[in-house]
Amino acid sequence: MIIFFWLLLVVAAIVWMTARWKVHPFLALIFGAIGIGFLARLDTETLIGSLAGGFGSTLQSIGIVIAAGAIIGEYLDRSGGARVLANKILNKSGEKFAPLSMSLTGYIVSIPVFCDSGFIVLSALNKAIAKRTKISLTVLAVALASGLYATHVFVPPTPGPLAAAATLNADIGLVLILGLIVSIPVMAAALAWAVLFCNYENTDTDSYQASKTPDYPLPSFKVAIAPILTPIILIALKSIAEYPTAPFGDGWVFSASVFLGDPIIALLIGVGMAFLMVTGGRKKIQNEWLEDGLKKAGIIILITGAGGAFGQVLRETDLGEFASQFAAIGGLGVLVPFLIAAFLKTAQGSSTVAIITAAAICAPLIEPLGLDSSMGTALAVLAIGAGSLTVSHLNDSYFWVVAKFSDMETSTALKTHTIATLIMGITGLITIQIMVWVLV
């Protein structure tokens, strides 16, 4: 019990450092790892070894993948590919179903693109649709924001679930497949909330302006969608190939699926396809986009490594013994990672930081919670993702992006977007709990 108390104290200190004093999450996690090591009375050699080993082993499995995913997201954002996807979906569904169209657009775009960036890119399109269809901009904004959020926390290669999968040693392909399943009812619940309860008229649609068209040719729909779908399909095929029933046999098809479906190879193939989104040999533009993508990746990689170090230090403590009490409570083990992530999210704002920190805390708890099977570990990752949705409010940068780029009053954003994220988190937890009862 005492080590659990020390953990609560250290987590509170991490939240305080990041939220109150604006300490970077990388340093906050490293300081937290050292703090819990001293409080747990680990010897110096074990503490330092755990810090370095946890940091290195985490980046070994995930560093290249995060970098490749960030590059794909940057190209999709800067090339206009996100707008191409949105327009294609809207044209297929029709203006009558514009909220569904924007939700689906966000759902697809946010797999490689950070949800903040995705919303900013698509907000002008949202406003143009609101003016054309006379649908409330608030409805469209909540629909788009929730679609972006659904895959942002559940579906690799988004950095959060990728980092959590690496920290918990989960099968990324299985997390991807299950994440796609869980994210559908989560998105649907938020979409229903947006359509039925968010019909606020918060500004004059006549003032909306269409988004600025880039001064270079936009990619085609096929070129824009390829860097997203190809890695997902390859990673999923690898998981299928490695299923115990060996559906692909053990010959060259199996070997090719395992090689091409490795997240590193799959994402690098996606990077190659992302390069096709810019035509005409614009080398200077491509170099700028590549560098910007790598800069964004560097921050996430460092935070992920720090989370791995924190988790490795926790493994050296007796925290697992305390957590084992939850294993026998009717299969409710996923409630623990959900609540930890929800506390971190609500307290400090960032979903990605909440996911990475919660994964580090939960790493030594997976076996005591009865989630140490491949299916259980994957569902634990998703439970952390569901917690990281709960809730987006005033301390979350995404809250302000949604509010300000949709001309919402703060009170309106709290009554619509914030409640939508609460609904999403609870829907995700219920869905995951049912899957635990059925599959684990």
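No lab work stands behind these numbers, since they all come straight from the coordinates. Not measured: the values here are computed from a predicted model. Note that we place each Cβ from the backbone using ideal geometry, even for glycine, and neighbour counts take in every protein chain shown.
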What are the extents of the Cα atoms of the range 62-102 along their three principal axes, in Å, largest first?
43, 20, 11
Pairs over 19 Å Cα to Cα, from Lys88/Lys415; Lys296/Lys345; Lys88/Lys222, come to Lys88/Lys415; Lys296/Lys345
Mind listing the Cα extents of the range 340-440 along all three principal axes, in Å, largest one first?
46, 25, 16
Rounded to whole angstrom, the alpha-carbon centroid of the range 112-132 lies from that of the range 370-434 at a distance of 19
Rounding to the nearest 10 and keeping the result within 0 to 90°, find how far the Cα-based axis of helix 374-387 lies from the longest principal axis of the chain.
60
Which residue, Val142, Leu229, Leu339, has the largest displacement toward the positive end of the dipole of the chain when charges sit on each Cβ (Lys, Arg +1; Asp, Glu -1)?
Val142
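For the chain, what does -39500 (n - 2.57) per DSSP helix run (n ≥ 4), summed and divided by total residues, give at 222 nm, in deg cm²/dmol to the nearest 500?
Result for the chain: -24000 deg cm²/dmol, rounded to the nearest 500.
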Among Asp116, Asp292, Asp43, determine the one that fluctuates most according to a GNM of the chain built with springs between C-alpha atoms less than 10 Å apart.
Asp43
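Per the Cauchy relation, a quarter of the hull surface: what is the mean projected area of the convex hull of the alpha carbons in the range 2-439, in nm²?
Reported value for the Cα convex hull: 21.5 nm².
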What is the distance in Å between the Cα centres of the range 1-74 and the range 137-194?
24
Each residue of the range 52-64 in turn: what ³J(HN,Hα) in whole Hz from Karplus with 6.51, -1.76, 1.60 and θ = phi - 60°, glycine and Pro shown as x?
5, x, x, 5, x, 5, 5, 5, 4, 8, 10, x, 5
For the chain, take the longest principal axis of its alpha carbons; what is the angle in degrees between that and the long axis of helix 172-197, to the nearest 10 within 0 to 90?
50
Hey, if you put +1 on the Cβ of every Lys and Arg and -1 on every Asp and Glu Cβ in the chain, which of Pro25, Gly35, Val155 ends up farthest toward the positive end of that dipole?
Val155
Among Gly173, Gly425, Gly49, whose mean-square fluctuation peaks in a Gaussian network model of the chain (Cα, cutoff 10 Å)?
Gly49
In a shell of Cβ-Cβ distance under 15 Å around Phe31, excluding Phe31 itself, what net charge do Lys and Arg (+1) and Asp and Glu (-1) give?
+2
Given charges at beta-carbon only (K, R positive; D, E negative), |dipole| of the chain in Debye:
1300
If you line up the long axis of helix 351-362 against the longest principal axis of the chain, both from Cα atoms, how many degrees apart are they, to the nearest 10?
20
